[in-house]
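What follows is a short report on a single structure.
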Amino acid sequence: MIPSFLRPQSDLSEQDAQKGLQNMTWQGVMAFAADGMASGGFLAAFALILGASNFHIGIMTAIPFIVQPLQILAVVLVERMRMRKVVAVTSYLIAYATWIPVAFIPFIINVPNAGAVTLLLFFIAVRGAATAFVTTSWNGWLRDIVPADVMGDFFAKRLRLATIAAAISALLAALFIDWWKGFAGEANEIFGYSYAILFGSIILGFGAVQFMARMPEPQMPRLDDTRRSIVGTLGAPFRDRNFRGLISFMFMWNFVAQMAVPFFAVYMLLRLEMPLSLVVGLGVLSQAANVLFIRVWGTYVDRFGSKVVLSLCSSLYFLVILAWTFTTLPDRHDLTVPLLVILHILIGVATAGINIASTTIRMKMSPPAESTAYLTAVSLTSSVAAGISPLIGGAFVDYFSVRHLQIAVEWVSPATEVEFPALFLTGYDFLFAIAFVLGLFTLTLLGRIKEEGEVDEDVVMDELMTQTRTNLRSLNSVPGLSVLSHFPVSTLRYVPGIPGLDVAVGVTVYQIASSTRIAVEGVMRGGAMARQIRTRVNRAVADLAHQVDDLGKQGVDVALGATLGAIHAAHDTEIEAERLTEESIRGTISALSMTSAVPRDILRGAIFGVIRGASETNLEIGSVAVKAIEASRNAASTLGLSKQEVARYATQVAVEAAEDLGGQVETEIKNAILGEFIGSPESESKDSDAKA
């Protein structure tokens, strides 16, 4: 007899649906927290103490994916029973229960020991089999309970809270291991891992199962009155040409990611000889960046579509994998840790978007009546790829560990002879480089997918530089994270053929806006008048621009970020919008005129920044646009241009900014410009060349 709380409901009330979404959020929080104590660097360190080799790590990573073909049986079971909740909850309970015997391995076998590693791999296989049934029943269940128009925002919120929980639990587990090692001695270190795994599985894991059991399940919709064969059901996603493109992309993406990423922790522990606490700490840093950008990407998914976000974040992800090859040249160097900090931040940003976009795009492209089969097809093929690639990755590491490729730069003079490596690849380095090359091919597959309402990448990149300021502002006070504002990656934005750089630069450009805003907020807290804004903006922009040897075309980005940040910082004060606009523009132009930035680029960025800032903060946008043109005209001599030339170009840019915003905002700006520079005879005689 199946308990009533596990049975599906034919009619789901609004209250039941909302309660289900709340329980789904808490389920994610508990599950991520439990996995934080039994995954990633934590699990890799546990396996290494048990006696695992690189190849064993590859097998350990691959096994959960290799057993995923069991999803075919799960589809049969779900279609026959039509009770996804029963299958999901039962399998979920088994999955977390398998960690209990894993935790007891060191108590029954002396380690390191090959038998201990074998037991670990066996129980991971059992957990993977249980997870296959969970995934199949869970995905379709989620597809039916989460409204399609808010999927991006809901999953972003859920993932954000869950990631915070995972970061906290992983950090606490690492601190506990360090304390335990000092308390019990290095010989007994392994037992500290056992206690952490027990706590994570029993308290947190079973808690996740409880919250899942509280979620209501809508009755599964039927395709038609005739029962389709299992072959026909599973074959439907592969006959759908567009969905088949998504399957191909997800197959390759998982293949590339799982070939390299599982070895990041092992690489830091063995090659770089870093302590576990630092490895976990870097993971927490990555999760912090992930949390801050989940809201950003979730909003973008709902506004612009999943495909464009998936493309941008995948590009950044593959670039980060390649950058790991430079953490040793050929050994650990002074920039190793700073570089790892940057890479963990960027991969956290990328992972946030990939998780949200890949989840929503597969659900939106799955027909409601066939969602179980469609979602299973993606999950199954992705799992096959993720199961094969770690084995190949481990074999690559072992093969290349006794080989290396070195390109050196040598300087010889009568007095000295200096040689240093410009490139050095061995072992893990070859693995990361190969993964990057495969990643470039993977990106071409994404272009074949058609998504309703998709937009160009430029649109999202444009928004990224303005909409992420709130998320990243708090990072300035986080030790190590402020390095983003000093890393001169923006100089690489226009280098062709390097996917991911534009996203990394979008994050960096935001930092300029953030730093400017904080500087202006300091003025506001000190009670200073508007005239001080110009000085503070000038200093903030000058300091940040100084980090780049040659601004070139990046002047647009710097100017946009500076004026945008200033407007947002001071819009809620008593300073008039016109005065704020003038001081922001004059301060930005004054600072950038001393650099190699192109004058017209400075004007374009500054005007776009104040107009967007005014639109987002509900200032009188028409008067702001007029004042922006006037302030630019008054600063013409600073740029080395004539007032007439500046007025014409500034007016043109203001009109372009208005058209970019569209709607009522566009009308207000154009009417204000016409009234000021064209409609008034007095204005026309004063500036006859300033017509739009």
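Taken along the Cα-to-beta-carbon direction at a fixed 7 Å, the label points for Ile49 and Phe326 span 3.6 nm. Radius of gyration over Kirkwood radius for the range 169-304, both on Cα atoms: the Rg/Rh ratio is 1.10. Neighbours of Ala196, meaning other residues whose beta-carbon lies under 13 angstrom from its beta-carbon, give a summed charge of -2 when Lys and Arg score +1 and Asp and Glu score -1.
Mind scanning Lys157/Lys307; Lys85/Lys364; Lys85/Lys157; Lys157/Lys181; Lys157/Lys670 and naming the pairs with a C-alpha gap bigger than 30 Å? In this structure, Lys157/Lys181; Lys157/Lys670 lie more than 30 Å apart at Cα. Size of the range 1-102: Rg and Dmax of its alpha carbons, in Å, are 17.7, 53.
What the Cα atoms of the range 56-111 give is an Rg and a Dmax of 15.2, 46 Å. Direction-averaged projected area, Cα convex hull, the range 558-673: 6.0 nm², rounded to one decimal. Remark: spin-label model distance Arg80-Arg303 equals 4.9 nm, labels positioned 7 Å along the Cα→Cβ axis. If you take the beta carbon distance between Ser596 and Ser413 as r and set R0 to 45 Å, what does 1/(1 + (r/R0)^6) give as a FRET efficiency, to the nearest 0.05? The calculated FRET efficiency here is 0.90.
Take the Cβ atoms of Ala184 and Thr444, set R0 to 45 Å, and the FRET efficiency comes out at 0.30. For the range 12-101, with all protein chains in place and a probe radius of 1.4 Å, 69% of the accessible heavy-atom surface sits on carbon or sulfur. Within the range 77-119, the chymotrypsin sites (Phe, Trp or Tyr not before Pro) that combine a DSSP coil assignment with at most 15 other C-beta atoms in a 10 angstrom radius are Phe104. Over all projection directions, the Cα-based convex hull of the range 253-297 averages an area of 3.8 nm². Maximal additional length on extending the Leu405-Phe104 stretch stands at 104.0 nm, based on 0.36 nm per residue less the C-alpha distance. Of the solvent-accessible surface of the range 247-291, computed with a 1.4 Å probe over protein heavy atoms with every protein chain present, carbon and sulfur atoms account for 64 percent.
Rolling a 1.4 Å probe over the heavy atoms of the protein chains gives the range 274-371 an accessible area of 27 Å² per residue.
Relative protection proxy for 203-209, 75-81, 639-645, from highest mean packing down: 203-209, 75-81, 639-645 (other beta-carbon atoms within 10 angstrom). In loop segments of the range 342-418 as defined by DSSP, the trypsin sites (Lys or Arg not before Pro) with at most 15 further C-beta atoms inside 10 Å of their C-beta are Arg403.
Placing a label point 7 Å from the Cα of Leu6 along the Cα-to-Cβ direction, the residues of the range 81-102 whose backbone N falls under 15 Å of that point are 81-95. Per the Debye formula on identical point scatterers at the alpha carbon atoms of the range 248-373, with no solvent, log10 I(q)/I(0) at q = 0.14 Å⁻¹ is -0.67. Each distinct pair of alpha carbons in the range 368-419 adds a 1/r term; the inverse of their mean, the Kirkwood radius, is 15.8 Å.
The values are calculated or read from the model by the stated rules, or taken from the named source; none is laboratory data. Since the structure is predicted, the reported quantities are computational estimates derived from the model, not experimental observations. For neighbour counting, all protein chains shown are included, and Cβ atoms are generated from backbone atoms with ideal geometry for every residue, glycine included. Surface areas here come from the heavy atoms of the whole protein model, side chains and all, with no ligands, DNA or RNA. Shrake-Rupley method; radii C 1.70, N 1.55, O 1.52, S 1.80 Å.
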